[in-house]
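The values are calculated or read from the model by the stated rules, or taken from the named source; none is laboratory data. Keep in mind that this is a model prediction, so the values were computed, not measured. Neighbour counts are summed over all protein chains in view; Cβ atoms, including those assigned to glycine, are modelled from backbone coordinates with ideal geometry. Heavy atoms of the whole protein, side chains included, go into the accessibility calculation; ligands, DNA and RNA do not. Shrake-Rupley method; radii C 1.70, N 1.55, O 1.52, S 1.80 Å.
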Amino acid sequence: MKVLLVGSGGREHALAWKLARSPSVGEVHCAPGNPGIARYARCHPVRAQDAEGLLALAVELAVDLVVIGPEAPLVAGVADALRRSGVPTFGPSAAAAAIEGSKSFAKDVMRGAGVRTAETMAVAQAPCVIKADGLAAGKGVFVCRTQEELEAALRPAAALGQRLVVEELLEGPEVSILALCDGAHVIPLPPAQDFKRAFDDDEGPNTGGMGSYAPAPDVDVHELVDAIHRPVLTELARRGSPFVGVLFAGLMLTENGPQVLEFNCRLGDPETQSLMPLVDDTLLDALAACAAGDARGVDVRASDEAAVTVVVAAEAYPAAGDVGSRIAGTEEAEATGAHVFHAGTALHENTLVTNGGRILGVTATGTTLTAARDRAYEAVSLISFDGARYRTDIAREAGALV
C-alpha cells in the first residue's frame, strides 16, 4: 500500500514511524513533513491546507490512501477535495470536522445525540471556562476559577477574534478517548491523558499539550465509546455528515459521571506520540478499512505496556516559538531506547535546529507507568537547545497510583 501522510508535527512523525512498520505498506510519503519524518517517508514541499497541491501529489504518486493529521486542513475541507476525485482518504469531511471547528456546532450535535457536556452560561462569571468557538491550536481555552483569572482571560480571549463560548467549570480527572471511525462503526484506542498547562502542577496558560501518557488507569474505554462516540456518530450520519476518521473526545470524569469537554476531529498531539508505540503494526489496515467505509470486524490491538511523552518546548512557548537554535542530544536520547518525535524542527546546513513552539516530543515505554516515565525523563535530560524547557511532572501522580 502506498500512503500519503499530511502534516508536519510530532503527531505526524509518530504516525509516519508506525505506518512505515506496517506489513501492508509499500511506500510512505508525507506533505510537507519534517526532518524526523524524513527518516521514514519521502517528504514533499506541499502545505497541509493546499487541497489542489495535495490532490495533484496524490494522483502523481498514485497513492492508495491519504491520512490527514492536523485539524486545520480537515476543517477547511481538504478531505472533501480528495474524496471527490476518488482518492481514498482517512479524515472527516468539513461538515463532520465542524465538531472541532465550531464549539457551538459540537454542543448542538451533543444535544441531538443526548450526550452530556458542560452547560453553556449566558454571562461570564467565575468559576467558568471561556473557549474560542473555532480552531486555536489548543490555546483557545481559559479556565477561570476566580474573578481575577476571568478578568485576565478576557483580553487574550478577545484577541483571538472569534466568537466566545462560556461554559460551567467542571471538576475531576480528564481523559482522552480516541476512536477510529468509518462513519458508523468504532475502533477504540487505549485511553490517554494529556497535560495542557505550560508549567508544573498545571500552572500557566493552556498550550497545545506539554506531555501525555497511556493507558490512563481505571478507564472503561468501551463503556465510554458506547455512551459518547456511537451516539455522536449516529447523530452526524442523521445530519448527512457521516464521520470518517478519528473522533477524539476530551472528557471530564466528574462525580456525576463523564461529561464531554470538547471533541476533536483527528488524533491528539501529544497523545498520538504515546499511543503509537503501544498499538500494533496493523494500524494502517484499520485506517484503510475506515477510509473504505467498512471497519466491521477490524480491531487495533495494544500491548500491556505503558508510554509517557514529555514535550520539550521553546522558552517563550506558548506566547512565542524559537527559530534557528541548534538542537543537541537527540541521538543520545534515542540511544536509551526512547523515541524522539520532531514537532518544530528544521535542518539548516545539515544541522538540526528549532522551528516552532513545541520542538520535540520524547516518548518512552515500560512495563509500568513509573518505568516509562523514568526512561522518558532520562532521555529528555540528554537533549538541549537555547531556552529548552519541559514540565517535570508528566504522569507523576498517575504513576504513583498504579
#### Entry: Pairs where the first residue, in the stretch 1-28, is open to solvent by less than 10 Å² (accessible area, probe 1.4 Å) and the second is part of a strand (DSSP E or B) and hydroxyl-bearing (Ser, Thr, Tyr), C-beta under 8 Å, 6+ apart
Ala14/Thr363
### Query
Residues Leu180, Leu169: which one is under 20 Å from Ser212 (Cα atoms), open to solvent by less than 50 Å² (accessible area, probe 1.4 Å) and of a type outside the set (Gly, Ala, Ser)?
Leu180
### Query
Does at least one position in the stretch 150-165 carry a residue that is in a loop (DSSP other than H, G, I, E, B), touching a strand residue (DSSP E or B) at 6+ places or on another chain (Cβ under 8 Å), open to solvent by less than 40 Å² (accessible area, probe 1.4 Å) and small (Gly, Ala, Ser)?
no
### Message
If I ask for residues that are outside any strand (DSSP E or B), open to solvent by 30 Å² or more (accessible area, probe 1.4 Å) and not aliphatic (A, V, I, L, M), which ones from the stretch 337-353 would you list?
### Response
Gly337, Glu349, Asn350
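This table checks each residue for (1) in contact with a Lys or Arg (Cβ under 9 Å, 6 or more places away or on another chain); (2) open to solvent by less than 10 Å² (accessible area, probe 1.4 Å); (3) aromatic (Phe, Trp, Tyr); (4) in a loop (DSSP other than H, G, I, E, B).
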| position | (1), (2), (3), (4) |
| --- | --- |
| Asn34 | no, no, no, yes |
| Val67 | no, yes, no, no |
| Ala72 | no, no, no, no |
| Ala79 | no, yes, no, no |
### Task
Could you tell me which residue of the stretch 87-106 is nearest to Ala249 (Cα to Cα), considering only residues that are of a type in the set (S, T, N, Q) and either part of a helix (DSSP H, G or I) or open to solvent by less than 10 Å² (accessible area, probe 1.4 Å) (or both)?
Ser104
## Note on the structure
Of the residues in the stretch 252-309, those that are outside any strand (DSSP E or B), under 29 Å from Val141 (Cα atoms) and open to solvent by less than 10 Å² (accessible area, probe 1.4 Å) number 9
